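**Student:** Okay, here's the structure, questions in a sec.
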Amino acid sequence: MDWDLAIKRNSAALIEIVADLFAMLGLVALTDTVSRLPWPTYRAVLRVLRPAESAVRRLIVVAARGLAVKPAASRLRPVVPVKPGKGGSPRVASFQLFDPQPRIMPPRRKHRPRSGPRIHMFNADGELVTIWPPPRPAKPAPPARPASPDGLVNARRLIRRLEALEAALADLPRQAMRLARWRMRQERSENPSFRSPLRPGRPPGHRKRDTHEVDELLSECSWLAHEATRHDTS
């Protein structure tokens, strides 16, 4: 397996996809800025961004195969001024190396609404009569969040994620070193949160049917990460 060639081929395709996403947002030049987007455009970019982030994380796992680092001495972190990004917002410092962990919520018990206590009494003829109180009114549903009058949504967080993805693709070896240091901290920890940056099962953004080029890239990068992890002896 030519790992370097596989990383180069997939990263080049992902770089083109990220450039297309910036073009969808209207951010072609470095001086272009946007803070709010139409909701359909926001959703269209997000549908491609999620699998692209998952594919890049798996490329980083492949790039970090067999990579070992020495524990670094603790030192004060220098204060580095944050440069403005393409969207006019501060550039994200680092790309998120691990998949978002799924939330495990216990099933909620369904309680039937009680109508109230039954009242027993004797009528004028001496018969026992049970009086049922009227049912309690159902709780009203919480009011829906009002939509923006202009139909636009805040795009700053979306643009920061795109900029972080672009920066990670521009320097995969640096991201691989970050992952190796994170992996070392997890191995030295007595109570690690999780061992692998990739969650089990299907990756975030996975779709059963391929609807975009990024879906095929995610499938290939997932296979590469699995093979690299299986042969990694570090």
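The values are calculated or read from the model by the stated rules, or taken from the named source; none is laboratory data. These figures come from a predicted structure and were not determined experimentally. Reconstructed Cβ throughout: ideal geometry from the backbone, glycine too, with neighbour counts over all protein chains shown.
**Student:** If residue 186 passes every condition in (1) surrounded by fewer than 12 Cβ atoms within 10 Å (Cβ to Cβ); (2) free of Cβ contacts under 8 Å to residues at least 24 places away in the same chain; (3) of a type outside the set (A, V, I, L, M) but one, which one does it miss?
**Tutor:** In the conditions (1) surrounded by fewer than 12 Cβ atoms within 10 Å (Cβ to Cβ); (2) free of Cβ contacts under 8 Å to residues at least 24 places away in the same chain; (3) of a type outside the set (A, V, I, L, M), residue 186 misses (1) alone.
**Student:** From the list 188, 160, 156, which residue is among the charged types (D, E, K, R) and more than 16 Å from the chain's Cα centre (by Cα)?
**Tutor:** After applying the criteria, what remains is 188.
**Student:** For region 201-219, does any single residue satisfy the condition of being over 22 Å from residue 17 (Cβ atoms), under 19 Å from the mean Cα position of the chain (by Cα) and at pLDDT 85 or above?
**Tutor:** Yes, that holds for at least one residue.
**Student:** Does residue 7 fit the bill of being surrounded by fewer than 19 Cβ atoms within 10 Å (Cβ to Cβ), at pLDDT 90 or above and of a type in the set (A, V, I, L, M)?
**Tutor:** No, not satisfied.
**Student:** While we're looking at this one, here's another question. Of the residues 93, 73, which single one is surrounded by fewer than 18 Cβ atoms within 10 Å (Cβ to Cβ), over 21 Å from residue 171 (Cα atoms), modelled with pLDDT under 80 and of a type in the set (A, V, I, L, M, F, W, C)?
**Tutor:** Exactly one of 93, 73 is surrounded by fewer than 18 Cβ atoms within 10 Å (Cβ to Cβ), over 21 Å from residue 171 (Cα atoms), modelled with pLDDT under 80 and of a type in the set (A, V, I, L, M, F, W, C), namely 73.
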